[in-house]
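I have placed the structure first, in the form of structure tokens, so that the comments after it can refer back to it.
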Amino acid sequence: MLAKVTSFALIGLDSTPVSVEVDISRGLPSQTIVGLPDAAVRESSERVRAAIVNSGLVHPRARLTVNLAPADLRKEGPAYDLPIAVAILVATEQVGADLSEAALVGELSLDGDVRSVTGMLPMAVGAREQGLKTLYVPASNAAEAALVEGLEVIPVASLASLVGHFHGYAPIEPFQAPAVDDLSPVVYPVDFRDVKGQEHVKRALEVAAAGSHNVLMSGPPGAGKTLLARAMPSILPAMSFEESLAVTKIYSVAGMLPEDTPLIRHRPFRAPHHTVSYAGLVGGGHFPRPGEISLAHRGVLFLDELPEFGTKLLEMLRQPLEDRKLTIARSSGSLTFPSNFMFIGALNPCPCGYYGDPVKECTCSAAMVTRYQKRISGPLLDRIDIHIEVPRVEYEKLAGDRMGEPSAAIRARVEAAREQQARRFEGSRLLANADMGPAEVRDFCAVDEAGRSLLRAAMQQLQMSARAYHRILKLARTIADLAGSEGIETVHLAEAIQYRPRRQT
């Protein structure tokens, strides 16, 4: 007796169909799983047997061979429990459903309940791309799978309820996804109006948000660098549905998607500690998983105490900051994860934190200050568009009752600037000014003779590289967009130049 059902395997952020084949033959009772299974897949034998028996069904006392095809693709995780169990029930004629246009995914508990699995969204996308009509998923994953249009999603609570559905005496209604407009509004934990003072820093962050530029803040401890960074998502434009799907797919594969949040609608904010491992920041593992860099896709990656991160970690940031994607190579192949994020770094000017502070004296020697600042290489600093000093806040501003400008007002200006960029880049894959390459800079960042003279003087005095030159033009284009200007004026260039570091490390 032979039965076949379809399931899916994850490969990075994508999925590929897996044919679950079950053959039942005469012989001593046994169950063998072939097709490059990992330990979790091999252990499914006992979970499936117990789930079938405890659901009031019959597990055959015969020789069972389970093949997961294609055989050259490694299979991992417990998501094959449900398709294996259903294939066994089909092979033993306990279920007679036609599953030729359906796929099944789910983990089984010993009592037959169906548990959630990771990576449901890319599996649902894969099912639609394969032309399948129905996807049977754990009930807790149904809202996530239903985000994919054109696919009938059946939420399965238990193996017994699924058998009842197949027999027709207890049909399970397809899951209906709520409309995006019906979802609750996004709430931000930190608002810019809660930040006292630092008006020039807020302006710099507004410019960064408008063009998706990278930022480096430097200042003494307690000046508000972390609070400003945490308020950054509140002024970023609301994510489009396509962006939300891309972010949700990453969190689904990483196993970090909350059960009550099938669709991530807020911009991610990731702030790993400086003790994070290379795999934790970049991603990786035997079966590569997204790291903090990819989890910050379409959001903010904030690295506090930047010089405390290892040199290897900091230098690794250079590729994703430039290419907006990250490639992880293994002997079995390579995977590419998206990493289009806004980078915000924060640092103290010296180990004690008070170098150049007008109030508290610095206790570090000149050699210590130099050594500390040189932990961040010049090539990395060159990839950061905005360098801003964050001084200590005066008592009068801290104790005053005056509130700052709310994030909603700043976000409105940022969204207006982004709309200009969307019209400018219509028909291309670019979303913001920071994504422009040399060709786009040449087309959209033209300056007049006065602007060229200012740039020439800045290049000579600041000893800027070609990359820094292009970044100034992109930054000036963003400042002009915020001002509603069609062209880049000298005042826009002057503001962009002031955000470059005064000395190169």
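The table for this structure:
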| quantity | calculated |
| --- | --- |
| Hits in region 465-500 - residues which are open to solvent by less than 20 Å² (accessible area, probe 1.4 Å), assigned to a loop (DSSP other than H, G, I, E, B) and more than 20 Å from R413 (Cβ to Cβ) | R500 |
| Enumeration of residues in region 217-228 that are farther than 16 Å from R411 by Cβ, open to solvent by less than 50 Å² (accessible area, probe 1.4 Å) and not polar (S, T, N, Q) | M217, G219, P220, A223, G224, K225 |
| Checking A160 against (1) crowded, with 23+ Cβ neighbours inside 10 Å; (2) more than 25 Å from E243 (Cα to Cα); (3) in contact (Cβ under 8 Å) with a residue 40 or more places away in the chain; (4) touching a Gly at 6+ places or on another chain (Cβ under 8 Å), the condition it does not meet | (1) |
| Positions within region 329-345 being in a loop (DSSP other than H, G, I, E, B) and open to solvent by 40 Å² or more (accessible area, probe 1.4 Å), in sequence order | S331, S332 |
| Some residue of region 182-193 being in a loop (DSSP other than H, G, I, E, B), touching a residue at least 12 places away in the same chain (Cβ under 8 Å), touching a helix residue (DSSP H, G or I) at 6+ places or on another chain (Cβ under 6 Å) and of a type in the set (D, E, K, R) | yes |
| Some residue of region 171-181 being among the small types (G, A, S), in a loop (DSSP other than H, G, I, E, B) and farther than 26 Å from R42 by Cβ | yes |
| Failed condition for L326, given (1) crowded, with 21+ Cβ neighbours inside 10 Å; (2) touching a Phe, Trp or Tyr at 6+ places or on another chain (Cβ under 7 Å); (3) free of Cβ contacts under 8 Å to residues at least 40 places away in the same chain | (3) |
| Within region 370-427, helices (runs of 4 or more DSSP H) holding 2 or more residues that are open to solvent by 40 Å² or more (accessible area, probe 1.4 Å) | 395-399, 407-424 |
| Matching option when the condition is among the β-branched types (V, I, T), closer than 21 Å to G255 by Cα and in contact with a Gly (Cβ under 7 Å, 6 or more places away or on another chain), among V282, V276, V300 | V282 |
| Filtered residue count, region 353-369, keeping only those that are open to solvent by 40 Å² or more (accessible area, probe 1.4 Å) and within 34 Å of the chain's Cα centre (by Cα) | 0 |
| Filter pass, N348 being touching a strand residue (DSSP E or B) at 6+ places or on another chain (Cβ under 9 Å), more than 26 Å from D435 (Cβ to Cβ), open to solvent by less than 40 Å² (accessible area, probe 1.4 Å) and not β-branched (V, I, T) | yes |
| Residues of region 440-453 satisfying the condition of being open to solvent by less than 40 Å² (accessible area, probe 1.4 Å) and in a helix (DSSP H, G or I) | V441, G451 |
| Qualifying positions in region 98-147 - under 21 Å from E46 (Cβ atoms), under 26 Å from the mean Cα position of the chain (by Cα) and among the aliphatic types (A, V, I, L, M) | V105, V117 |
| Of residues in region 16-50 being aliphatic (A, V, I, L, M) and not in a helix (DSSP H, G or I), the one most open to solvent (accessible area, probe 1.4 Å) | L28 |
| Residue in region 22-37 that is modelled with pLDDT of 95 or more and of a type in the set (K, R) present | no |
| Lone qualifier among E199, E152, E173, E206 - being charged (D, E, K, R) and touching a strand residue (DSSP E or B) at 6+ places or on another chain (Cβ under 6 Å) | E152 |
| Residue within region 283-303 that is within 17 Å of I344 (Cα to Cα), open to solvent by 50 Å² or more (accessible area, probe 1.4 Å) and at pLDDT below 95 present | yes |
| Which listed residue is of a type in the set (V, I, T), open to solvent by 10 Å² or more (accessible area, probe 1.4 Å) and within 26 Å of P258 (Cβ to Cβ), from V58, V117, V53 | V117 |
| Matching residues, region 190-232, being closer than 17 Å to H387 by Cα and among the small types (G, A, S) | A204, A208, A209, A210, G211, S212, S218, G219, A223, G224, A229 |
| Filter result for the condition that a residue is touching a strand residue (DSSP E or B) at 6+ places or on another chain (Cβ under 8 Å), open to solvent by less than 20 Å² (accessible area, probe 1.4 Å) and either within 26 Å of T118 (Cα to Cα) or touching a residue at least 60 places away in the same chain (Cβ under 8 Å) (or both), over S212, S252, S244, S234 | S212 |
| Unique match (being among the basic types (K, R) and closer than 21 Å to V187 by Cβ) among R230, R203 | R230 |
| So T275, is it modelled with pLDDT under 95, surrounded by fewer than 24 Cβ atoms within 10 Å (Cβ to Cβ), over 15 Å from the mean Cα position of the chain (by Cα) and under 17 Å from V190 (Cβ atoms) | no |
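The values are calculated or read from the model by the stated rules, or taken from the named source; none is laboratory data. Bear in mind that the values here come from a model prediction, so they are computed numbers and not experimental data. Heads up, the Cβs are rebuilt from the backbone with ideal geometry, glycines too, and the neighbour counts pull from every protein chain shown. We work out accessible area using only protein heavy atoms, side chains counted, and drop any ligands, DNA or RNA first. Shrake-Rupley method; radii C 1.70, N 1.55, O 1.52, S 1.80 Å.
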